[in-house]
Amino acid sequence: MEYEFETLAVRSGIHRSQFNEHSDAVYLTSSFVFESAAQAAARFRGEEPGNIYARFTNPTVTSFQERLAALEGAEACVATSSGMSAILACAMGLLGAGDHIISSRSIFGSTVQLFGNIMKRFGVETSFVSASDVSEWEKAVKPNTRLFFVETPSNPLMELSDISALSEIARKAGAKLAVDNCFCTPAIQRPIELGADIVIHSATKYLDGQGRVLGGAVLGSNESMEGVKNFLRTAGPTMSAFNAWVFLKGMETLKIRMDAQSRAALEIAQWLESQPGIGRVYYPWLSSHPQHALAKRQQSSGGAIVSFEVEGGREAAWKVVDSTRMISITANLGDTKSTITHPATTTHGRISPEARAAAGIGEGLLRLAVGLESVEDIRKDLSRGLS
Ligand SMILES: *Cc1c(COP(=O)(O)O)cnc(C)c1O
């Protein structure tokens with residue numbers, strides 16, 4: 001790597017136009033013109049590089065792809081219209097009928113639906129296993145296993161998956177390991193360096209970091225991105241140029257935001273652990289976290305999300321939520337504004353109470369995504385509902 005992370009976040013992927021603009025330009029155009037009929041033909045035959053149509057390429061989107069690839073240490077990056085379309089493009093680009101996925105059970109709810117219901121209709125079967133118990137992955141391998149899929153840390157219980165260990169099992173099985181790196185971002189965790197083949201992003205979260213636009217990305221080797229790219233230019237869930245420009249700006253401050261929000265989250269997690277009326281606190285950087293050693297190995301900090309149990313079940317948890325005056329009550333996360341969610345009745349509300357209990361998502365559990373406000377103000381806001 002020629003430059004350090006902080007420099008790449010600000011300087012990589014820039015292609016200045018004839019006007020020599022300093023900040024990244026945004027190219028709002030659906031198509032591109034050719035000098036001649038012969039040039040058009042050469043572009044379509046793939047003999048001459050260059051833009052054709054924004055469903056295939058756009059210079060602002062290309063800048064986004066190059067910058068994120070530099071930050072993740074990936075050969076190639078494909079931008080998508082949302083995090084979910086990144087996961088869809090990954091599956092459609094790499095899998096076919098008769099293939100098998102092994103996925104962590106502790107993944108984003110829509111990803112469970114995509115694998116468990118939609119991909120299943122097209123002949124792709126998924127086995128859901130424990131995020132943290134590597135032996136379950138080994139046992140689930142079949143001759144047709146092509147993809148391992150994890151999200152680490154998981155939502156909302158901050159369970160970790162050992163990326164290096166899983167990558168070895170995947171390699172032996174002839175499968176690719178994909179990691180949804182949404183919670184950590186490359187500022188905290190770089191899955192490819194740890195052995196993963198593919199990295200997935202919901203750019204909607206911390207890459208933007210300010211809750212403005214939707215987008216996603218799939219990253220990996222040129223070879224594994226070939227099918228993903230093909231799916232995207234054919235099926236169309238591409239990233240808009242405007243959104244790519246917002247993400248380019250977001251990535252410039254990614255490291256300082258993640259550092260500051262992680263520092264604040266650790267302070268809040270430690271404070272919560274000392275409060276009466278609070279049960280378990282789930283945060284990878286706490287020494288009480290059962291996978292603290294693994295967290296220190298694969299992450300550079302704990303991230304911005306803290307989950308905790310309020311004693312007294314749903315009533316007590318809702319009281320904390322409803323007593324806040326500043327923290328936003330929303331299911332989203334990855335913002336400079338702190339957000340609070342009651343998973344059992346929102347993000348995980350569609351799961352049966354038995355499955356929820358089995359997953360450890362109790363009625364007293366709250367998920368806090370710590371933003372950039374003063375730690376003291378966040379503490380005060382949470383204290384209002386804690387008795
Ligand atoms: C939000 C989220 C997604 C989906 O991203 P969208 O941009 O909302 O489509 C996928 N994975 C994780 C971990 C997420 O938090």
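Values quoted throughout were computed directly from the atomic coordinates according to the rules given, and no laboratory measurement underlies them. Since we're looking at a predicted model, the values are computed, not measured. For neighbour counting, all protein chains shown are included, and Cβ atoms are generated from backbone atoms with ideal geometry for every residue, glycine included.
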With the cut-off at 15 Å, report for the range 266-317 the share of all Cα pairs above it, as a whole percent. 46 percent
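Order by neighbour count: LYS229, LYS176, fewest other Cβ atoms within 10 Å first, most last. If you can, show how the numbers build up before the last one.
Values: LYS229 18, LYS176 22.
Ranking LYS229, LYS176 by Cβ neighbours within 10 Å, fewest first, gives LYS229, LYS176.
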Any of LYS142/LYS296; LYS205/LYS255; LYS255/LYS319 with alpha carbons more than 25 Å apart? Name them for me. LYS142/LYS296; LYS255/LYS319
For the range 164-180, in residue order, the Karplus 3J(HN,Hα) values (coefficients 6.51, -1.76, 1.60; θ = phi - 60°; whole Hz; Gly and Pro = x) are 5, 5, 5, 5, 5, 5, 4, 4, 4, 7, x, 10, 9, 9, 10, 10, 7
P(r) of the range 177-254 over all Cα-Cα pairs, binned every 10 Å from zero, in whole percent: 18, 46, 33, 2
List the extent of the Cα atoms of the range 214-306 along each of their three principal axes, largest first, rounded to whole Å. 55, 27, 23
Per the 1/(1 + (r/R0)^6) rule, R0 = 35 Å and r from the Cβ atoms of GLN18 and THR336, FRET efficiency to 0.05 is 0.50
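Rounded to the nearest 500, what is the 222 nm mean residue ellipticity of the chain from helices alone, with -39500 (n - 2.57) per DSSP H run of 4+ residues and division by all residues? Walk me through the numbers before you get to the answer.
On the way: 14 runs with 143 residues, N = 387.
After summing the helix terms and dividing by the residues of the chain, the value is -11000 deg cm²/dmol.
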Can you give the three extents of the C-alpha atoms in the range 257-386 along their principal axes, from longest to shortest, in whole Å? 35, 33, 28
Pop out the ³J(HN,Hα) list for the range 337-342 in order, Karplus 6.51 cos²θ - 1.76 cosθ + 1.60 with θ = phi - 60°, rounded to Hz; leave Gly and Pro as x. 8, 5, 10, 10, 9, 9
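What translational diffusion coefficient, to the nearest whole µm²/s, does the chain have by Stokes-Einstein, given a Kirkwood radius computed over alpha-carbon pairs, a temperature of 37 °C and 0.692 mPa s viscosity? Walk me through the numbers on the way to the answer.
Working: Rh = 21.7 Å.
Diffusion coefficient, whole number: 151 µm²/s.
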Please report the Cα spread of the range 1-101 along all three principal axes, rounded to whole Å, starting with the longest. 49, 41, 24
Send over the Kirkwood Rh of the range 3-45, from the inverse of the averaged 1/r over different Cα pairs, rounded to one decimal Å. 13.4 Å
Amide H neighbours of GLY279 under 5 Å, counting only residues 5+ apart in sequence or on other chains, H built in-plane at 1.01 Å? GLU309, VAL310, GLU311
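Using a 10 Å cut-off around each Cβ, can you sort PHE242, PHE148, PHE231, PHE56 from fewest to most neighbouring Cβ atoms? Write down the numbers at each step before the final one.
Working: PHE242 13, PHE148 28, PHE231 22, PHE56 16.
Fewest-to-most Cβ neighbours within 10 Å comes out as PHE242, PHE56, PHE231, PHE148.
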In percent, how large is the relative contact order of the range 257-386, given Cα pairs closer than 8 Å and 6 or more residues apart? 30 percent
Can you list residues from other chains, or at least 5 along the same chain, whose modelled amide H is less than 5 Å from the amide H of LEU194? none
So how far apart, in nm, are the two label points at GLU354 and ASP133 if each is 7 Å from Cα heading toward Cβ? 1.8 nm
Apply the Karplus curve 6.51 cos²θ - 1.76 cosθ + 1.60, θ = phi - 60°, to the phi angles in the range 29-45 and return the couplings in whole Hz, x for Gly and Pro. 8, 7, 9, 10, 9, 10, 6, 6, 4, 5, 5, 4, 5, 5, 5, 5, 6
In whole percent, what relative contact order does the chain give with Cα contacts below 8 Å and a gap of six or more residues? 16 percent
GNM on the chain, Cα springs under 10 Å; top mean-square fluctuation among ASN181, ASN332, ASN243 goes to ASN332
Of all DSSP beta bridges with both partners in the range 257-386, the antiparallel percent, nearest 5, is 85 percent
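Would you work out the relative contact order for the range 72-185, in percent, from Cα pairs under 8 angstrom that are 6 or more residues apart? Before the final figure, lay out each step's value.
Working: 165 pairs, mean separation 27.8, N = 114.
Taking the mean separation of contacting Cα pairs over the length of the range 72-185, I get 24 percent.
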Inter-label distance, nm, simple model (7 Å from Cα along the C-beta direction), LYS142/SER110: 2.7 nm
If amide hydrogens are placed 1.01 Å from N in the peptide plane, which non-local residues have theirs closer than 5 Å to the one on LEU177? PHE148, ASP197, ILE198
